[in-house]
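K.L.:
Provided herewith is a single structure, encoded as structure tokens, for subsequent inquiry.
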Amino acid sequence: MSDRALERVVRRESHSSRSFAAAVVLVLVIALLAWVATETVLRAFELPALLAPPGAVATWITGLPGSAPAGALVAGGVVAGLIGVVSIILAIAPGRLAKQRLSGDGPVVLVDHGALAASVAQGVANDLSFDRREIAVGVGHRIIDVTVRPAFGVEVDRSAVSASAEREIERFGLVREPRVRVYVVASREKEPA
């Protein structure tokens, strides 16, 4: 397989498609066109409108700036603007799946963020003699958050946790190594005697 074809396969496996967003927009446009067509046919046969005749809706929209309260117009404009911004972001931004690419000369391998998080958590727990349930790891494309909830009275060395997590990430050999952030959440209750 050529390098270009391989990169296309990797991109397809690591990025989400826009088909759901496109389908939602398409369904909304089809519903609007079906309504306009239905109202037009009803008007042609001089039958009562289902909701409102398209001409009346157009007249209402053009008269809206003078008849509606300013707050309602601003709120409607903000909602319409947000819908437009979200649509543009969905169209332009790459939708990445929760996967990271491993480096190496062999076959291309993608690792799921869940598997990476479990491995980092287990590695930190083993290295620093913590119970695995005291370590929570969240993996993003650029940052890995390691949260330690030690037993009451146990001190945690953040730099040791960070170093252990970074060793585990290096062991994977990711193409882009994310930055590690460590959080220590102190226990507020004493352990039962």
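K.L.:
Go through the range 1-34 and count every residue that is part of a helix (DSSP H, G or I), at pLDDT below 90 and over 15 Å from Leu90 (Cβ atoms).
P.N.:
Matching residues across the range 1-34 total 12.
Yes or no, residue by residue, for (1) in contact (Cβ under 8 Å) with a residue 60 or more places away in the chain; (2) touching a Lys or Arg at 6+ places or on another chain (Cβ under 9 Å); (3) of a type in the set (Val, Ile, Thr); (4) within 30 Å of Leu33 (Cβ to Cβ):
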site	(1), (2), (3), (4)
Pro53	no, yes, no, yes
Ser87	yes, no, no, yes
Gly95	yes, yes, no, yes
Pro107	no, no, no, no
Val120	no, no, yes, no
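K.L.:
Right, next: Being in a helix (DSSP H, G or I), modelled with pLDDT of 85 or more and among the β-branched types (Val, Ile, Thr) is true for just one of Val124, Val57. Which residue is that?
P.N.:
On the way: Val57 fails: modelled with pLDDT of 85 or more.
Going through Val124, Val57 in turn, just one is in a helix (DSSP H, G or I), modelled with pLDDT of 85 or more and among the β-branched types (Val, Ile, Thr): Val124.
K.L.:
Name every residue in the range 116-137 that is of a type outside the set (Asp, Glu) and surrounded by fewer than 14 Cβ atoms within 10 Å (Cβ to Cβ), in order of residue number.
P.N.:
Taking the range 116-137 as the starting set, the residues that turn out to be of a type outside the set (Asp, Glu) are 116-126, 128-130, 132-133, 135-137.
The answer is Asn126, Ser129, Arg132, Arg133.
K.L.:
Can you tell me which residue in the range 167-193 is modelled with the lowest pLDDT, limited to those that are among the acidic types (Asp, Glu) and surrounded by fewer than 17 Cβ atoms within 10 Å (Cβ to Cβ)?
P.N.:
Among residues in the range 167-193 that are among the acidic types (Asp, Glu) and surrounded by fewer than 17 Cβ atoms within 10 Å (Cβ to Cβ), the one modelled with the lowest pLDDT is Glu191.
K.L.:
Here's a follow-up. Please count how many residues of the range 130-187 are assigned to a helix (DSSP H, G or I), of a type in the set (Phe, Trp, Tyr) and out of contact with any strand residue (DSSP E or B) (no Cβ under 9 Å at 6 or more places or on another chain).
P.N.:
Step one: of the range 130-187, the residues assigned to a helix (DSSP H, G or I) are 132-134, 158-172.
Still in the list and also of a type in the set (Phe, Trp, Tyr): 172.
If we keep only those that are out of contact with any strand residue (DSSP E or B) (no Cβ under 9 Å at 6 or more places or on another chain) too, we end up with none.
Of the residues in that region, 0 qualify.
The values are calculated or read from the model by the stated rules, or taken from the named source; none is laboratory data. On a predicted model such as this, the values are computed, not experimentally measured, just so you know. FYI the Cβ positions are ideal-geometry reconstructions off the backbone, even for glycines, and counts take in every protein chain you see.
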